[in-house]
Amino acid sequence: MGVAERGAAVTELVGSVIDAYDRMETDVRTYLLAVLLPAALLFVGSLAAAALWRTLFLVRLLLPVLGLLFLGAAVAYPKLLIDRRRIEMENRFHLVVTHMTVLSTTNIDRMEVFRKLAAEEEYGELADEMRRVVELVDTWNQSLDDACRRRAKQVPSESLSDLFDRLAYTLGAGQPLDEFLLEEQHVMIENYSTVYEQSLENLDVLKDLYLSMVLSMTFALVFAVVLPILTGTNPTWTVSAVIAMYVFVQVGFFLVIRAVVPYDPLWFIPDGPMTTTERRLLASTVGGAGLCVAAVAGMVAAAFVAPGVLGVIPQPLYLAVPTLPLLIPGLVFRFEEGWVVERDEEFPSFIRALGATESAKQSTTSEVLSTLRKKDFGKLSPTVDDLYRRLNIRIDSQKAWRYFAGDANSYLIQKFSEMYLVGREMGGEPKQLGELISENMNQINQLREQRRQVSVTLIGLLYGITAASSFAFFTGLEVAVIMSGFDLNIADAGVDFAQLLHTESYNVPLLRYLLFLVILFNAAVSALTLRAADGGHNGNAYVHFVLLSWVGALTALATQSLISRLLEVDV
């Protein structure tokens, strides 16, 4: 990047920060006096303390760094707040636009469309924006096109700003709201797909960055184990310091992944009584956790009562064996999630067929389902059959569809089935509603397939890094143990070898324990990272946690055995 490009990037960043101050809900003067001024005074105070306080140089250096950190956070907070709002808007934008389109095709007034969207608390910032548009119309007596034009200049999301701008122009020209939204569906879906795919590309970049950082931390940890032999420093302190940096990198990467990946939840957990699926998930989780606790308690008891029993199990497997019961809930969650994915893939065909048949026969949903339920919709078929039974015995239609979404356990099915039901009750055309919802959900399913492919490569990366890191950790430890065990008596040569090798400060059992904790921590954070990347239920992380723990433990065991045989030294 040239000087001109760097200058343009800095100018753009400064401009975005200034713009964020203009868009703050808090008055700029109040923010300057209440937040920025105290942060600046704190920074000046940290500089004065570093200059006057006679203490370690490292402590004096960290004081102004800490003060600068607080000042930087105060300056950047409005920008971070605007970015958070923008991300939340873009994550739910496709659902809001689809919901708006469905409502616009019914027999309600266009302002009622905005009022209903504003009442949907689940849409978060987008619901707030719809509420502001309604307030401008109802309270300040502005026209809808003027209100949209005004809010288009204030919202941080380019997608929403573009929608409000074009909506204001179209409504001002006299075009109906439903015609505009139906014509713009393809454009809006493409915009959402572009944002979604860009997030997946950012995830690819983060994988490369994570790989380089973890490898750097791995080599640093190896040096922290081996170098104290030559320098005489306490290896426990050096290893602990590097482990703290390793933990910081792992947690930071997990948080960044959560912020970068698109918001696209897979599961829907309904309110009210527990479903059969929920009871099955809860029972497997309680059973797996109970067996895990029992395994840990059994190993601890065996260590005191019959130590010889534990001698049969290699030491690195001590941390892996108790995790095995967690495979029970992990596999149950995995199977259930696979069925949710299959239902999502079948739902577009079901809703399109339902809408087309209702329009053709001009009959109720219950009558259409009496024949449609005989069609094979895969894992969705039992749920469709239950929906027919509930509607056929005259259960309230809203409750019947809510039970349908709860049995499917799918977030998208819950949202889109609710949209279809509302559209039908308000006089919408069934065929049009079915095709609209089907098209949107098919696009989301395609994007989810791309996300799964990216997640598969991330799985391979994390498993590979776990094996490589464990190999490097225990190679360094075993080399240090072997060197500390050398009995070199060369006093006759006039050389004091104790001045060259400092082995007296090595607490090998403690170092092994710290490395085992690193393996366990890496397995836990990596498992959660994979769940954040693919958007599934956190319960699926149990499988990856167990497998990553075993990969790390078996690699440590193989490393110890290999080095012992190569050097023919009993470790």
Note to self: Please determine whether any residue of the range 262-274 is assigned to a helix (DSSP H, G or I) and more than 21 Å from V551 (Cα to Cα).
What the structure shows: no
Next item on the list: Go through the range 343-360 and count every residue that is of a type outside the set (D, E) and more than 16 Å from T383 (Cα to Cα).
Entry: 6
Margin query: Looking only at the range 138-160, how many residues end up being surrounded by 15 or more Cβ atoms within 10 Å (Cβ to Cβ) and farther than 20 Å from R86 by Cβ?
Written below: 5
Notebook entry, point to check: Which residue pairs have Cβ atoms under 9 Å apart, sit 6 or more places apart or on different chains, and have a first residue in the range 425-440 that is not assigned by TED's automatic domain parsing to the domain that holds E345 and buried (at least 22 other Cβ atoms within 10 Å of the Cβ) and a second that is assigned to a loop (DSSP other than H, G, I, E, B) and at pLDDT 90 or above?
Noted result: none
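Per-residue answers, yes or no, for (1) acidic (D, E); (2) assigned to a helix (DSSP H, G or I); (3) over 26 Å from the mean Cα position of the chain (by Cα); (4) under 19 Å from L266 (Cα atoms):
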| site | (1), (2), (3), (4) |
| --- | --- |
| F416 | no, yes, no, yes |
| L421 | no, yes, yes, no |
| R424 | no, yes, yes, no |
| Q443 | no, yes, no, yes |
| Q446 | no, yes, no, yes |
| E449 | yes, yes, no, yes |
| V454 | no, yes, no, yes |
| A467 | no, yes, no, no |
Note to self: Based on this model, can you work out whether E90 counts as out of contact with any Cys (no Cβ under 6 Å at 6 or more places or on another chain) and loosely packed, with under 15 Cβ neighbours inside 10 Å?
What the structure shows: no
Check: Which of the residues that make up the range 372-396 are under 19 Å from P273 (Cβ atoms) and part of a helix (DSSP H, G or I)?
Finding: P382, T383, D386, L387, R389, R390
Notebook entry, point to check: Does A294 count as more than 22 Å from the chain's Cα centre (by Cα), under 23 Å from G552 (Cα atoms) and assigned to a helix (DSSP H, G or I)?
Noted result: yes
Next item on the list: Among the residues of the range 419-438, write down those that are out of contact with any helix residue (DSSP H, G or I) (no Cβ under 7 Å at 6 or more places or on another chain) and within 23 Å of K379 (Cα to Cα).
Entry: none
Check: Would a scan of the range 485-494 turn up a residue that is at pLDDT 75 or above and surrounded by fewer than 21 Cβ atoms within 10 Å (Cβ to Cβ)?
Finding: no
Check: Do you know which of the residues in the range 210-258 that are in a helix (DSSP H, G or I), more than 16 Å from the chain's Cα centre (by Cα) and free of Cβ contacts under 8 Å to residues at least 12 places away in the same chain is farthest from R84 (Cα to Cα)?
Finding: W237
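Let's see how each residue does on (1) modelled with pLDDT under 85; (2) touching a Pro at 6+ places or on another chain (Cβ under 8 Å); (3) surrounded by 19 or more Cβ atoms within 10 Å (Cβ to Cβ):
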{"residue": "D162", "(1), (2), (3)": "no, no, no"}
{"residue": "T170", "(1), (2), (3)": "no, no, yes"}
{"residue": "Q175", "(1), (2), (3)": "no, no, no"}
{"residue": "L182", "(1), (2), (3)": "no, no, no"}
{"residue": "N191", "(1), (2), (3)": "yes, no, yes"}
{"residue": "L203", "(1), (2), (3)": "no, no, yes"}
Margin query: If the requirement is being part of a helix (DSSP H, G or I), at pLDDT below 95 and within 22 Å of Y542 (Cβ to Cβ), which of these qualifies: L326, L354?
Written below: L326
Note to self: Please pick out the residue among A558, A523 that is at pLDDT 90 or above and either over 30 Å from L331 (Cα atoms) or surrounded by fewer than 17 Cβ atoms within 10 Å (Cβ to Cβ) (or both).
What the structure shows: A558
Checklist line | Which numbered condition Y463 misses (of (1) within 19 Å of L95 (Cα to Cα); (2) of a type outside the set (D, E); (3) modelled with pLDDT of 90 or more) | finding: (1)
Checklist line | Residue among L136, L126 that alone is part of a helix (DSSP H, G or I), closer than 22 Å to Y21 by Cα and in the same structural domain as H99 (by TED's automatic domain parsing) | finding: L126
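The values are calculated or read from the model by the stated rules, or taken from the named source; none is laboratory data. Just so we're clear, the structure is a prediction, and the values are computed from it rather than from any experiment. A quick note on method: Cβ atoms are made from the backbone with ideal geometry, for glycine too, and the neighbour counts reach across all protein chains shown.
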